[in-house]
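The values are calculated or read from the model by the stated rules, or taken from the named source; none is laboratory data. Every value quoted in this text rests on a predicted model; they were computed, and no experiment measured them. Positions of Cβ are generated from backbone atoms using ideal geometry, with glycine treated the same way; all protein chains shown enter the neighbour counts. Side chains are part of the model used for accessible areas, which takes the heavy atoms of the whole protein and leaves out ligands, DNA and RNA. Shrake-Rupley method; radii C 1.70, N 1.55, O 1.52, S 1.80 Å.
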Amino acid sequence: MDFVLKPTIANCLHRKDLRSDTINYDAQRMIGHGSFGAVFLAKVVETDEMVAIKKVLQDKRFKNRELQIMRQLVKQPHPYIVALKHHFVSKGSKSDDVYLNLVLEFVPETIYSISKYFNRRKESIPIFSVKLYMYQLARALAHIHGMGICHR
């Protein structure tokens, strides 16, 4: 599965090292899914960088503010919030299906994967790790709340 991105001017500013107007993504596999869409692990063909691509159906009945919020976070980044690298729109199998694809920084471990790991071993997550994750979560929430963004 390949994704092709025609960068916008904002994207070009982040990709000065690329001489082409097209960035190609090689989707490796699905790494998550939820109510609003799916997340794919992908490789930037030109650089071999691994990224996560969140693919969300754009429902015309609802205003999707996720791109607008992620663009705000590009201007005020935080170490505990994944960074938006690019975005692009793609068409679905139905003629009027439109998908927003957010190209995000890839973080290989999640709290869910760590929880599963310790659960399989029938062990508790070390208390220091729990404190660290809670600290990071609280700092990330404080950052977005300070920007007037409410996480739901």
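Values for this structure:
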{"item": "Boolean, LYS91 is touching a strand residue (DSSP E or B) at 6+ places or on another chain (Cβ under 9 Å) and modelled with pLDDT under 95", "result": "yes"}
{"item": "Matching strands (runs of 3 or more DSSP E) fully within region 20-80 where at least 1 residues are touching a strand residue (DSSP E or B) at 6+ places or on another chain (Cβ under 7 Å) and farther than 19 Å from VAL107 by Cα", "result": "23-33, 50-57"}
{"item": "SER90 vs. criteria in contact (Cβ under 8 Å) with a residue 60 or more places away in the chain and either part of a loop (DSSP other than H, G, I, E, B) or out of contact with any Leu (no Cβ under 8 Å at 6 or more places or on another chain) (or both)", "result": "yes"}
{"item": "Selection count where residues are basic (Lys, Arg) and either open to solvent by less than 50 Å² (accessible area, probe 1.4 Å) or assigned to a helix (DSSP H, G or I) (or both), scope region 102-130", "result": "2"}
{"item": "Residue within region 59-80 that is in contact with a helix residue (DSSP H, G or I) (Cβ under 6 Å, 6 or more places away or on another chain) and over 23 Å from THR22 (Cα atoms) present", "result": "yes"}
{"item": "Within region 83-96, tally of residues that are loosely packed, with under 13 Cβ neighbours inside 10 Å and under 26 Å from ASP26 (Cβ atoms)", "result": "5"}
{"item": "Options TYR133, TYR99, TYR80: the member that is over 15 Å from the mean Cα position of the chain (by Cα), surrounded by 11 or more Cβ atoms within 10 Å (Cβ to Cβ) and among the hydroxyl-bearing types (Ser, Thr, Tyr)", "result": "TYR133"}
{"item": "Odd one out for PHE36 among (1) closer than 30 Å to THR22 by Cβ; (2) of a type in the set (Phe, Trp, Tyr); (3) loosely packed, with under 11 Cβ neighbours inside 10 Å", "result": "(3)"}
